[in-house]
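Enquirer: Submitted below is the structure of interest, expressed as structure tokens.
The values are calculated or read from the model by the stated rules, or taken from the named source; none is laboratory data. A quick note: this is a predicted structure, and the numbers were derived from the prediction, not measured. Note that we place each Cβ from the backbone using ideal geometry, even for glycine, and neighbour counts take in every protein chain shown.
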């Protein structure tokens, strides 16, 4: 049973560019959340997708957008990249109906903006 | 959501119990206490959660005070592999699909 998978694992972009990160949730999960983790800090919640719609959003600008597909996989898009967007981007999945609070995280995509 | 306060860092000797405290003095009656940990270069990992009773699983024990204003995560026999950042999070059952992480406690297990 594959866990949460994210791609790419590492990538380098320059300021002003756009980036798309991908996440496949754990088998059977229907909810995907995205987090940004800057060096030395805890993960910060970006947004959550369920039933192909954004359900909750953290304190992130509109440059951050996402999508969820019918197979529950998800994408995170960041436009007009800034140096401060350099971080580890984590995806977490869960089954909304279970409400156990147990999220399963991927290994993350490390983005460097030059 | 109730705010949590954790010490920034702690050390523990290998083989000894690691006791990680968390203060959540403004916790509401319907909020649970969740613990996650993050080993270097990995995604966070769920450990345990509880409402008011003490809980134990194969990874750890969670002790919640009677007034629920604080809790302690106990790793009974810490190993070097338990070196990680430990996060205490308070959430209701209805919004526990997205965890809000603070700075956590960096636990270093020393040989």
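Enquirer: Has the range B:50-57 got at least one residue that is modelled with pLDDT of 95 or more and within 26 Å of residue A:88 (Cα to Cα)?
Expert: No - not one qualifying residue is present in the range B:50-57.
Enquirer: Here is a further query. Scan A:88, A:81, A:76 and give me the residue that is touching a residue at least 40 places away in the same chain (Cβ under 8 Å), over 13 Å from residue A:48 (Cα atoms) and assigned to a strand (DSSP E or B). First the steps, then the outcome.
Expert: Details: A:81 fails: assigned to a strand (DSSP E or B); A:76 fails: over 13 Å from residue A:48 (Cα atoms).
So the residue among A:88, A:81, A:76 that is touching a residue at least 40 places away in the same chain (Cβ under 8 Å), over 13 Å from residue A:48 (Cα atoms) and assigned to a strand (DSSP E or B) is A:88.
Enquirer: Mind checking whether some residue in the range B:82-97 is away from every other protein chain (no Cβ under 11 Å) and more than 12 Å from the chain's Cα centre (by Cα)?
Expert: Looking for residues that are away from every other protein chain (no Cβ under 11 Å) and more than 12 Å from the chain's Cα centre (by Cα), one finds at least one in the range B:82-97, hence yes.
Enquirer: Exactly one condition in (1) within 13 Å of another protein chain (Cβ to nearest Cβ); (2) crowded, with 17+ Cβ neighbours inside 10 Å; (3) closer than 14 Å to residue B:97 by Cβ is false for residue A:74; which is it?
Expert: (1)
Enquirer: Give B:55, B:31 a once-over and let me know the one that is more than 20 Å from residue A:26 (Cβ to Cβ), without any contact (Cβ under 8 Å) to a residue 12 or more places away in the chain, within 14 Å of another protein chain (Cβ to nearest Cβ) and touching a strand residue (DSSP E or B) at 6+ places or on another chain (Cβ under 8 Å).
Expert: Of B:55, B:31, the one residue that is more than 20 Å from residue A:26 (Cβ to Cβ), without any contact (Cβ under 8 Å) to a residue 12 or more places away in the chain, within 14 Å of another protein chain (Cβ to nearest Cβ) and touching a strand residue (DSSP E or B) at 6+ places or on another chain (Cβ under 8 Å) is B:55.
Enquirer: List the residue pairs whose Cβ atoms are under 6 Å apart, where the first residue sits in the range A:28-49 and is within 15 Å of residue B:85 (Cα to Cα) and at the interface with chain B (Cβ under 7 Å from one of its Cβ atoms), the second is outside any strand (DSSP E or B) and modelled with pLDDT under 95, and the two are 6 or more positions apart or on different chains.
Expert: Listed by first residue and then by second, the contacts come to A:42/B:101; A:42/B:102; A:42/B:103; A:43/B:101.
Enquirer: OK, next. For the range A:66-110, which residues satisfy the criterion of being farther than 19 Å from residue A:26 by Cα and under 10 Å from the mean Cα position of the chain (by Cα)? Give the steps one after another, and end with the answer.
Expert: Residues of the range A:66-110 that are farther than 19 Å from residue A:26 by Cα, as a first pass: A:77-88, A:110.
Of everything in the range A:66-110, those that are farther than 19 Å from residue A:26 by Cα and under 10 Å from the mean Cα position of the chain (by Cα) turn out to be A:77, A:88.
Enquirer: Which of the residues belonging to the range B:1-26 are in contact with a helix residue (DSSP H, G or I) (Cβ under 9 Å, 6 or more places away or on another chain) and farther than 22 Å from residue B:59 by Cβ?
Expert: Across the range B:1-26, the qualifying residue is only B:1.
Enquirer: Just to verify a result, which residue in the range A:94-105, among those that are buried (at least 16 other Cβ atoms within 10 Å of the Cβ) and either more than 8 Å from every other protein chain (Cβ to nearest Cβ) or within 16 Å of residue B:101 (Cα to Cα) (or both), is modelled with the lowest pLDDT?
Expert: At the first step, the residues of the range A:94-105 found to be buried (at least 16 other Cβ atoms within 10 Å of the Cβ) are A:94-95, A:101-105.
Then drop every residue that is not either more than 8 Å from every other protein chain (Cβ to nearest Cβ) or within 16 Å of residue B:101 (Cα to Cα) (or both), which leaves A:95, A:101-105.
Details: A:95: 90, A:101: 83, A:102: 89, A:103: 92, A:104: 95, A:105: 96.
Among those residues, the one meeting the criterion is A:101.
Enquirer: Somewhere in the range B:14-26, is a residue assigned to a strand (DSSP E or B), within 14 Å of chain A (Cβ to nearest Cβ), more than 10 Å from the chain's Cα centre (by Cα) and surrounded by 13 or more Cβ atoms within 10 Å (Cβ to Cβ)?
Expert: So the first thing to find is which residues in the range B:14-26 are assigned to a strand (DSSP E or B), and the list is B:18-23.
Now drop any that are not within 14 Å of chain A (Cβ to nearest Cβ), which leaves B:22.
Checking which are more than 10 Å from the chain's Cα centre (by Cα) leaves us with none.
Checked the range B:14-26: no residue is assigned to a strand (DSSP E or B), within 14 Å of chain A (Cβ to nearest Cβ), more than 10 Å from the chain's Cα centre (by Cα) and surrounded by 13 or more Cβ atoms within 10 Å (Cβ to Cβ).
Enquirer: Within the range B:54-62, identify whether any single residue is under 15 Å from residue A:101 (Cβ atoms) and outside any loop (DSSP other than H, G, I, E, B), and answer yes or no.
Expert: yes
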